[in-house]
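Before any comments, here is the structure.
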Amino acid sequence: MKNDDSKILDSSEKIRILNEIAFNAGKARISPQTKYLHHCYYPGEGESHQTIPLYENFLFIYTLLKSKTGENVTEAKKLLEGLLRFQNNQVEKSKGNYPIYLHEYPDCKDRNIGIHLLPVFALIYKGFHQILGEALKKEFVIGTENLLHYCWEIPPENLSYSVKLTLAAGTLSLADSLQSEEFRQKGEALLQKPDPEKIHPEWFYPDQQGKIFTALHLIYSDISRSPWKKFWEFLQIMYDQNTTAYIGPAHKVYQIEGEPEVNLIDFHIAGLTGVFSKRLYSDRASNVEASLVQPHPEILALQNASSKHSGSDEGVEWSVIRNNILSWSCSDIPIDRNHTHWKSISPFRMCWGDLTKVRTCVAQGGNCTSIRATENKEEIIVEFTLLEEFNVEDKDLCKEIILSFDHGNDISAAVEGVKANTFYPGNEIIFSSGNIKFSLNFFIIEGEGEFFGHIMPGNRISELALKNENRFNAYDMQIFLRTLRRSSLCRIGLRINMI
């Protein structure tokens, strides 16, 4: 929902709204029997959410404390007292850690969950240690110290960039609260100042951006004036004012039910801009992370004017281009099907829409070795280099090029001015999405062959909702080229023009 321009939300009101989102997500999952938040990360078909995750429950405790009502504070203290008893003090190798789910105690299957809990513990102590009561405060401090000792048993060099940053910042924040010189020195030694000329690859991952911002805000009150100013400027470039969505290179972007997955960073963006899009209110257990957002003295000014930004990081060249209607990004990141997150990689992606709906088009999947895009005056040229090996008999492998547009009642396609669901290269396809129209035209750049095009409902490979009762849903309208015959070396071009 878009806030009235005449009403600029103050910092406390933005935090109140975010905490309300977190509270509603948590309260909807509280069991009247156990009083805990129940949620399963990977439920099977027909299975109910009977498991009790420690991370979301500690987040909900913090959410209750932030509400500052007597009833919620009392509930938070009871939950905290109960959860602290599930800290592992039996198995030496994971002593001080917590299990993923409460029923797994004392088995701790995720060695990093303790690190992910550090920001939550730091914020609980910093904001509410005075109201816990002496007995619970003492128990919480002991548990926090045990957690810190466990986290530092993990060799930092084995941690990913964002997890290492969370460990350093969480340690520094807690060291200040607990007045621990030992942990202050450890945190400072691990917290390396960023290179002002470089962008780390994890900055392109929306699910990691939120963790990075949360960690930095634990130790810097104003990130825009900290040594991490470049990360602040990166967010200004990579988020769109019209949709408040990520528009940067899609190196790890998933889709849920036809819209980009909501991550912690989306709640930070709302807190920094005062603009709340409709998708933030969708019911998800992960919304309890919205309580992690803290007041920030500076507003994040997102760009809406025409602009172009590009760079090269670790050998990968990327561009982000926007005009007053849409944004598009491209990067020459390799298409490696052995990569852990290859289904979330989109070398070419367009984004448009508003606060009620984020629209995207991705070139994803297919049978390509590389996808590159360039701007030529008013048109976009996308170049697909096809794999030398192909199989015209395989119903999936013969789909060499796939464009996925999120589906909707206002989506339509016409071929040479006539509504149709098939086409040939050289035919003009007019694709309409609301008040936006694209002209699409495929052509052969190198090699030779015969191709047949289809327009039909489907799903991009990055769609996460295709499970259980949703497994047969189609959230996209797909335009794809099927090979009838071609040479082994072949490059196909696509012209995209706004109409």
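The values are calculated or read from the model by the stated rules, or taken from the named source; none is laboratory data. These figures come from a predicted structure and were not determined experimentally. Here the Cβ positions follow ideal geometry from the backbone for every residue, glycine too, while neighbour counts run over all protein chains shown.
Annotations
- When each of Ile265, Ile247, Ile223 is tested for being among the β-branched types (Val, Ile, Thr) and over 14 Å from the mean Cα position of the chain (by Cα), the lone residue that passes is Ile223.
- Qualifying residue in the range 422-439 (condition: touching a His at 6+ places or on another chain (Cβ under 9 Å), at pLDDT 95 or above and not small (Gly, Ala, Ser)): yes
- Selection of first residues in the range 49-75 that are more than 22 Å from Glu104 (Cβ to Cβ) and of second residues that are of a type in the set (Asp, Glu), restricted to Cβ pairs under 7 Å at least 6 apart or on distinct chains, gives the following pairs, ordered by first then second residue: Leu64/Glu75.
- Residue pairs meeting the criteria (Cβ under 6 Å; at least 6 apart or on separate chains; first closer than 22 Å to Lys211 by Cβ, in the range 267-283; second aromatic (Phe, Trp, Tyr) and not in a helix (DSSP H, G or I)): Ile269/Tyr239; Ala270/Phe276
- In this structure, Gly408 does satisfy being closer than 26 Å to Pro260 by Cβ, surrounded by fewer than 18 Cβ atoms within 10 Å (Cβ to Cβ) and of a type outside the set (S, T, N, Q).
- Against the list (1) of a type outside the set (Lys, Arg); (2) modelled with pLDDT of 95 or more; (3) under 16 Å from Leu118 (Cα atoms), the condition Leu191 fails is (2).
- Members of the range 348-389 that are touching a helix residue (DSSP H, G or I) at 6+ places or on another chain (Cβ under 7 Å) and among the β-branched types (Val, Ile, Thr): Thr356, Val358
- Output for the range 154-188, where each listed residue is more than 28 Å from the chain's Cα centre (by Cα), of a type in the set (S, T, N, Q) and part of a helix (DSSP H, G or I): Ser177, Gln185
- The residues of the range 28-46 that are under 23 Å from the mean Cα position of the chain (by Cα) and surrounded by 14 or more Cβ atoms within 10 Å (Cβ to Cβ), listed by number, are Arg29, Leu37, His38, His39, Cys40, Pro43.
- Filtered by the rule that a residue be within 25 Å of Asp476 (Cα to Cα) and in contact with a Leu (Cβ under 9 Å, 6 or more places away or on another chain), the range 249-278 gives Tyr254, Gln255, Ile256, Glu257, Glu261, Val262, Leu264, Ile265, Asp266, Phe276, Ser277, Lys278.
- Comparison of Tyr254, Tyr246 shows that the only residue that is modelled with pLDDT of 95 or more, surrounded by fewer than 21 Cβ atoms within 10 Å (Cβ to Cβ) and touching a helix residue (DSSP H, G or I) at 6+ places or on another chain (Cβ under 9 Å) is Tyr254.
- Sole residue being assigned to a helix (DSSP H, G or I), surrounded by 18 or more Cβ atoms within 10 Å (Cβ to Cβ) and over 29 Å from the mean Cα position of the chain (by Cα), chosen from Lys138, Lys77, Lys93: Lys77
- Hey, Val392 surrounded by 21 or more Cβ atoms within 10 Å (Cβ to Cβ) and either in contact with a Ser or Thr (Cβ under 6 Å, 6 or more places away or on another chain) or free of Cβ contacts under 8 Å to residues at least 12 places away in the same chain (or both) or not: no
- Long-range neighbours under 8 Å by Cβ, at least six apart or interchain, first residue without any contact (Cβ under 8 Å) to a residue 40 or more places away in the chain within the range 238-264, second among the charged types (D, E, K, R): Val262/Arg279; Val262/Arg284
- Strands (runs of 3 or more DSSP E) fully within the range 297-371 that include at least 3 residues being within 20 Å of the chain's Cα centre (by Cα): 316-322, 326-331, 348-354, 357-363.
- Some residue of the range 465-478 being touching a residue at least 60 places away in the same chain (Cβ under 8 Å), within 13 Å of Leu403 (Cα to Cα), in contact with an Asp or Glu (Cβ under 9 Å, 6 or more places away or on another chain) and not in a loop (DSSP other than H, G, I, E, B): yes
- Count - residues of the range 193-224 that are without any contact (Cβ under 8 Å) to a residue 12 or more places away in the chain and either more than 19 Å from Ser319 (Cα to Cα) or crowded, with 18+ Cβ neighbours inside 10 Å (or both): 2
- Residue count for the range 464-499, restricted to those that are of a type in the set (D, E, K, R), closer than 12 Å to Pro425 by Cβ and over 31 Å from the mean Cα position of the chain (by Cα): 2
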